[in-house]
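The values are calculated or read from the model by the stated rules, or taken from the named source; none is laboratory data. Fair warning: this is a prediction, and the values are worked out from it, not measured in the lab. All Cβ positions, glycine included, derive from the backbone under ideal geometry; neighbour counts span all protein chains shown. Side chains are part of the model used for accessible areas, which takes the heavy atoms of the whole protein and leaves out ligands, DNA and RNA. Shrake-Rupley method; radii C 1.70, N 1.55, O 1.52, S 1.80 Å.
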Amino acid sequence: MRTAISFAALFLSVILMQLSSGGVGPLDALSGLALDFSTEQIGLLGSAHFLGFFIGCWWAPRLMGSVGHSRAFAAFTAAGTIGLMSHMLVVDPYAWAIMRIASGICVAGCYTVIEAWLQAKVTNETRGRTMGAYRVADMGASLVAQLLISVLEPASYVSYNLLALFCCASLLPLTLTKVSQPETPAAPRLRPSLAIICSPLAAAAVVVAAISSATFRMVGPLYGQQVGLAVDQIAYFLAAFVLGGALAQYPMGWLADKFDRRHVMIGLSVAAIICCIITAAMPGLGVNGVMWSAFFFGLTSFPIYSVAAAHANDFAENHERVELAAALMFFYALGAIAAPLLASTLIEAYGPGAMFVMIAVGHAALILFGLGRMLVRPTTDKKTRYIWAPRTSFTIGQLTGKIRDK
């Protein structure tokens, strides 16, 4: 029972953190539009978030080793809260970019603490159920966070203050739990070359997954505003993408376990390109058409990271899984740092459809590379279990590795 209560406290912290971090990206984009930031400056905010996210992933295990889980969580939460509350004190895009670095550090650090705590408390018997509950808590809160945009006024102190309150509130469940803190896990080594050694295709696929997801979630509000969506409609537009991605996990997992994972990745990219072409070529889709295009884009692009992670793990040894998860996260961070700034620049130069053209080009490159890899290396009969692989921290491999080994 004490363990179950501990999990409930951690999941509540995840929900509150996701409500804060999931809302700040689209709110920043809409606030930037209201404050006459340039399109490139708004894209810079998204890129700055993922730069902070990468720093947080690398730094968090080391900080936990120095001060412990609860104190590290409190430090990261303080950084995120300061970043949120400072927005309306200093209204400048470059100052906001620094604040978004702090927010990115907060998100990565808090998830690292939570996942290290979960890893220390689960057993092999409870690992699968715990990950399932974790997935529901994280994705459900992410969906609600997108819908929050419909009620948050852009460029408003009250809006940023509300997100800061959610960030602060995430401290309470984790710090007030009576369950003792676990021992600090060893920080995973960051070896990007391991992902390339195991599967060059998987490394390329997670970069494309980052281009798709980071661009849509950070720059999607710009696209929605330029095609005539109201603020509440932009919220539903972003939520449709998250919902499509959540619903795709189980069917795509079944296909990835039954067939060659490379075929599944290529098929998803083909479907994503079709969604991108329809959306870019038909700007007059109407509100319902735009919503459905976002849903199907999430359905086709969101699972690529998990399929790629499963494919890479097929060629990894058991002792390499934690470092492989960190390596894949590294490549995801690279794509996520570059994509929002590039997409916003293209939107400024060529219009809103350019965002989807950029994403389509990334998926086309992945298809060509995937076909080339199929000629170089045959598929393997040794398959690990497909699981949903969240892009949350380098330590996620400690939670998922033993599920794959079953």
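Select from LEU147, LEU238, LEU285 the residue whose mean-square fluctuation is largest in a Gaussian network model of the chain (Cα-Cα springs shorter than 10 Å).
LEU285
For the range 246-375, what is the convex hull (Cα atoms) projected area averaged across all directions, in square nanometres?
Mean orientational projected area (the range 246-375, Cα hull): 8.9 nm².
Put +1 on the Cβ of each Lys and Arg and -1 on the Cβ of each Asp and Glu in the range 22-169; which of SER159, GLN41, VAL122 then has its Cα farthest toward the positive end of the dipole?
Ranked along the dipole, the leading option is VAL122.
Starting from a Cα-only point model with no solvent, please compute log10 I(q)/I(0) by Debye for the range 214-266 at q = 0.14 1/Å.
The calculated log intensity ratios at q = 0.14 Å⁻¹ are -0.51.
Specify which residue in the list MET88, ALA133, HIS363 is farthest towards the positive end of the charge dipole of the chain, using unit charges on the beta carbon of Lys, Arg (+1) and Asp, Glu (-1), about the Cα centre.
ALA133
Just the number, please: Stokes-Einstein D of the range 37-186 in µm²/s, Kirkwood Rh from C-alpha pairs, 4 °C, 1.567 mPa s.
78 µm²/s
Using +1 on the beta carbon of Lys and Arg, -1 on that of Asp and Glu, and nothing else charged, what's the dipole of the range 255-406 about the Cα centre, debye to 20?
Dipole of the range 255-406, to the nearest 20 debye: 380 debye.
Assign unit charges at the C-beta atoms only (+1 for Lys and Arg, -1 for Asp and Glu), then state the dipole size of the chain relative to its Cα centre in Debye, rounded to the nearest 20.
1320 debye
Sort largest first and round to whole Å: the equivalent ellipsoid semi-axes of the range 167-324, each the square root of five times a Cα gyration tensor eigenvalue.
Each semi-axis is the square root of five times an eigenvalue, giving 32, 25, 13 Å.
Looking at the chain as a GNM with Cα springs under 10 Å, which of ALA339, ALA349, ALA60 has the largest mean-square fluctuation?
In this elastic network of the chain, the residue with the biggest mean-square fluctuation among ALA339, ALA349, ALA60 is ALA349.
Build a GNM of the chain with springs between Cα atoms under 10 Å: which of GLY353, GLY80, GLY46 gets the top mean-square fluctuation?
Judging by the Gaussian network model, the answer is GLY353.
So how exposed is ILE274, as accessible area in Å² (1.4 Å probe, rounded to 10)?
Surface accessible to solvent at ILE274 totals approximately 90 Å².
Only helices at least 15 Å long along their own axis, judged from Cα atoms, and with Kyte-Doolittle mean hydropathy of -0.5 or greater: name those in the chain from DSSP H.
Counting only whole DSSP H runs, the qualifying helices are 2-34, 39-67, 69-85, 93-121, 127-148, 157-169, 200-226, 231-258, 261-281, 286-301, 321-350, 353-376.
Taking only Cα atoms of the range 98-171, what ratio of Rg to Rh do you get with Rh as the Kirkwood inverse-distance radius?
Expressed as Rg/Rh, it is 1.06.
Between (i) 29, 60, 11; (ii) 22, 42, 30, 6, 0; (iii) 18, 33, 22, 14, 8, 3, 1, which entry matches P(r) over Cα pairs in 20 Å bins from 0, in percent as derived from the coordinates of this structure?
For P(r) over Cα pairs in 20 Å bins from 0, in percent, the calculated option is (i).
Using DSSP to call loops (not H, G, I, E or B), can you name the trypsin sites (Lys or Arg not before Pro) in the range 297-402 whose Cβ has at most 14 other Cβ atoms within 10 angstrom?
LYS382
If a/c stays under 1.5 just call it rounded; otherwise compare a/b with b/c (prolate if a/b is bigger, oblate if not). Do that for the range 96-248, with a ≥ b ≥ c from the square roots of the Cα gyration tensor eigenvalues.
Oblate, because a/c is 1.5 or more while a/b does not exceed b/c.
Relative contact order of the chain, please, whole-number percent, based on alpha carbon pairs below 8 angstrom and at least 6 residues apart.
The value is 26 percent.
Just to verify a number: what accessible area does HIS363 come out at with the full protein assembly present, 1.4 Å probe, Å² rounded to tens?
0 Å²
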